[in-house]
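First comes the structure, then the notes that go with it.
Coordinate-derived values only; no laboratory data. All values reported here derive from a predicted model rather than from experimental measurement. Reconstructed Cβ throughout: ideal geometry from the backbone, glycine too, with neighbour counts over all protein chains shown.
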Amino acid sequence: MARQNGKNGKPTPDSGQADAECLARMQQDAGKGMEDIKSDDLGLPWFRLLQKGSPECSIGDPSNIEGAREGMWLDSISRALYTSLIVIPAKSIKHYVEWKPRSPQGGGGGFVKNFGGDRVAYDKAIAGRTGFRGVTQHGTEIIPTGTWFCFVVSGVPVGSKTEEPIMKRGVFTFASTGMKVGNRWAGEAYALKLKGTDGKTFTPALFASSWRMTSTPQKNASGSWMLPQVTRDLWVEKMPNATELYEQGRSYAEFANEYHARITYPQAQQPQQLDAPAQREPGDDGDEDTPF
């Protein structure tokens, strides 16, 4: 069915009547994509929130993109920049990712291994430490990283006020201070409920709702940075081409379930070196209070 619009033609969340066929599919897939909430490099685009230290923002850097500023979202493959994105999350999982350490000046670093959801090596590396970065006997770091596989529906390109279709699979990561954002997003998604065609309430699949991604500034004694901001948009069954979008989310969830542990993280996704790690409670690996 057509997406219902409010004033000035903008979408109005949860307005209009449900697409009965799509709603029935949602109920059939209740809970899918959330199994891990509590391939080799697959060539997927990584969407990254630019920071003031990002090479894309640095004039004279080979990776510089004209007009790039902190707080913009970058598509790693097309190198397009967006001020906001509409995404349908397909799967969320916390990975434990091993990196070569960066220098305080930001040099060095590099991906070593993705342990997937297995935290055994991380627990050994974090023993006796107060921050969230585990350090192995070889001097490498293991960092808990919220990894979200999302179907990116549309976005507002930099310099435009109009939302344009994107329609591609992508990967987003939340580490360090961003872990709180990812954890909050997972909690909000898990708390959503729908009433099915039989009148019974159920927990819909993760890919049953779309979300808007923007950014917001943060600062503390260690400096200032941009933090991802995620807000709920619409139930997929109330979006244009609802059934097609829902199937996109479902097929991506199946793909991610099979291949997520084989993802190779590009170096650009490596969290920046932190000088003042936060205090960590035993068994906690949720976030740090310094820029990522």
Which ³J(HN,Hα) values, rounded to whole Hz and listed in residue order, are derived for the range 221-228 from phi using the Karplus coefficients 6.51, -1.76 and 1.60 in 6.51 cos²θ - 1.76 cosθ + 1.60 with θ = phi - 60°, glycine and proline given as x? 5, 8, x, 10, 6, 9, 10, x
Three-way shape label, the range 190-230, alpha-carbon gyration tensor, a/c 1.5: prolate
For the range 160-208, shape from the Cα gyration tensor axes a ≥ b ≥ c, cut at a/c of 1.5 then a/b versus b/c, turns out oblate
If I model a spin label as a point 7 Å beyond the Cα along the Cα-Cβ vector, how far apart are those points for Ser58 and Thr130 in nm? 3.0
Return the long-range amide H neighbours of Ser176 (sequence gap of 5 or more, or a different chain), with a cut-off of under 5 Å between placed amide H atoms. Glu288
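R0 = 45 Å: FRET efficiency of Ile77 with Ala20, Cβ-based, nearest 0.05? Don't skip to the answer; put the middle values down first.
Values: r = 37 Å, r/R0 = 0.82.
Working from the Cβ atoms, E equals 0.75.
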With charges only on Cβ, +1 for K and R and -1 for D and E, what is the dipole size of the range 184-256 about its Cα centre, in debye, rounded to 20? 360
Cα centre as origin, Lys/Arg/Asp/Glu Cβ charges: the range 7-269 dipole, Debye: 840
Using a/c under 1.5 as the rounded threshold, could you call the range 7-269 rounded, prolate or oblate? The axes a ≥ b ≥ c are square roots of the C-alpha gyration tensor eigenvalues, and prolate needs a/b larger than b/c, oblate otherwise. oblate
